[in-house]
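Visitor: Input: one structure, supplied below.
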Amino acid sequence: MLSLKALQKNKTVRYGVPMLLLVVGGSFGLREFTQIRYDAQKVKRKLDPSLEAKVNLQKQSVILEQEYEKMKDASLDEWRNIRGPRPWEDSREFQEQQRRKRTPES
């Protein structure tokens with residue numbers, strides 16, 4: 001009985017042991033919760049087969065060749081850079097200005 005009262009008064013047993021149990025138990029608990037989180041992300045991240053073909057590196061060279069064939073036929077001499085409206089500009093007003101600039105040239 002005397003040793004039980006002595007243990008209850010001991011600060012290491014009174015504060016240290018519960019703290020140690022909380023830290024160790026918390027790390028195991030957090031490991032389980034984070035594993036659930038990563039498993040859920042893995043399920044969401046599965047790609048459609050069509051997108052997966054585009055991402056696959058083995059098939060990517062075929063896609064690049066197809067894009068090259070499309071761009072080869074495009075006429076780049078008639079290309080014009082058209083600036084879009086800035087955030088502080090009114091987009092309708094800006095489009096009207098662009099149309100007015102373009103019509104005299106044509």
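Visitor: With all protein chains present, calculate the accessible area of GLU78 using a 1.4 Å probe and round the result to the nearest 10 Å².
Guide: 150
Visitor: Another question, if that's okay. For an R0 of 35 angstrom, estimate the FRET efficiency from the Cβ-Cβ distance between ARG31 and LEU7 and round to the nearest 0.05.
Guide: Step by step, r from the Cβ atoms, then E = 0.65.
Visitor: Give the calculated FRET efficiency between ALA40 and ASP77 to the nearest 0.05, with a Förster radius of 41 Å applied to their Cβ-Cβ distance.
Guide: The pair ALA40/ASP77 has a calculated efficiency of 0.20.
Visitor: Just to make sure I understand: if all protein chains stay in place, what is the order of ARG45, ARG37 by accessible area at 1.4 Å, largest first?
Guide: Putting ARG45, ARG37 in descending order of accessible area: ARG45, ARG37.
The values are calculated or read from the model by the stated rules, or taken from the named source; none is laboratory data. Not measured: the values here are computed from a predicted model. Because the Cβ atoms are built from the backbone with ideal geometry, glycine has one as well, and the counts that use them run over all protein chains shown. Please note that ligands, DNA and RNA were not included when accessible areas were found on the heavy atoms of the full protein model with its side chains. Shrake-Rupley method; radii C 1.70, N 1.55, O 1.52, S 1.80 Å.
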